[in-house]
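Chemist: Quick one: the structure is below, and I'll ask about it shortly.
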Amino acid sequence: MKKYKLSRKRPENFDHAIVCAGGYFTFEGRLLLLKRHPKKLFGDCWGVPGGKLEEGESPEEGMIREVFEEIGFVVDRSLIEPICILYIESEPRSHEVTYHMFYYPLDKLPILTLHLDEHLEEQWVTPSEALELPLVTAGGIEALLIYQDFVVQKMDHYKN
């Protein structure tokens with residue numbers, strides 16, 4: 001199994017040939033996770049909707065497109081908030097990924113249409129419940145913890 005090294009700061013000599021974006025859809029403290037198709041990369045693991053950017057797409061545009069393709073949900077661009085950018089290196093060093101994380105708050109549960117060639121199930125889980133699932137190995141746990149910190153900071157901001 002490959003190991004991955006993550007950083008919020010771009011490493012020296014980082015060649016981000018792969019750029020991805022993920023949407024952290026949140027409803028009443030629960031995060032949307034999708035179970036990946038067993039024949040896909042990271043098969044049978046759970047992760048957020050998202051994927052690789054296409055040529056000329058911004059990270060936000062790529063996330064919007066991927067979300068629509070994977071779950072049939074139309075994203076309101078005005079609600080998207082950037083969480084952070086993660087730089088992911090595989091060890092041994094075979095590829096590098098720049099991963100853009102976006103927060104998306106929901107005021108009601110959406111009707112989702114899973115693209116079954118990509119994902120088999122959906123779950124709305126708390127961050128602690130998510131940690132009990134087999135998450136995508138390329139930074140899934142670390143990204144979840146960053147998301148959790150982001151949400152806590154948002155809640156603290158609204159309390160003050």
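Chemist: Which members of segment 115-142 meet the condition of being modelled with pLDDT of 90 or more and among the aliphatic types (A, V, I, L, M)?
Modeler: V125, A130, L131, L133, listed by residue number.
Chemist: Further question: Just to be sure, is L120 outside any loop (DSSP other than H, G, I, E, B), within 21 Å of F68 (Cα to Cα) and either in contact with an Asp or Glu (Cβ under 8 Å, 6 or more places away or on another chain) or of a type outside the set (K, R) (or both)?
Modeler: Details: outside any loop (DSSP other than H, G, I, E, B): yes; within 21 Å of F68 (Cα to Cα): yes; either in contact with an Asp or Glu (Cβ under 8 Å, 6 or more places away or on another chain) or of a type outside the set (K, R) (or both): yes.
So L120 fits the description; yes.
Chemist: Considering (1) farther than 18 Å from C20 by Cβ; (2) out of contact with any strand residue (DSSP E or B) (no Cβ under 7 Å at 6 or more places or on another chain), say which one H115 fails and leave the rest.
Modeler: Answer for H115: the failing condition is (1).
Chemist: Is it the case, given these coordinates, that H157 is at pLDDT below 85 and in contact with a helix residue (DSSP H, G or I) (Cβ under 8 Å, 6 or more places away or on another chain)?
Modeler: Working: at pLDDT below 85: yes; in contact with a helix residue (DSSP H, G or I) (Cβ under 8 Å, 6 or more places away or on another chain): no.
When the stated conditions are applied, H157 does not pass them.
Chemist: Say we look at segment 1-52 and pick out the residues that are over 21 Å from L112 (Cα atoms) and under 13 Å from the mean Cα position of the chain (by Cα); which of these is surrounded by the most Cβ atoms within 10 Å (Cβ to Cβ)?
Modeler: If we take residues in segment 1-52 being over 21 Å from L112 (Cα atoms) and under 13 Å from the mean Cα position of the chain (by Cα), then C20 is surrounded by the most Cβ atoms within 10 Å (Cβ to Cβ).
Chemist: So I88 ticks every box in (1) closer than 16 Å to V48 by Cα; (2) of a type in the set (A, V, I, L, M); (3) part of a strand (DSSP E or B) but one. Which box is left unticked?
Modeler: Every listed condition holds for I88 apart from (1).
The values are calculated or read from the model by the stated rules, or taken from the named source; none is laboratory data. Note that the structure is a prediction, hence the values are computed from the model and not measured. Cβ: placed from backbone, ideal geometry, glycine included. Neighbour counts: every protein chain shown.
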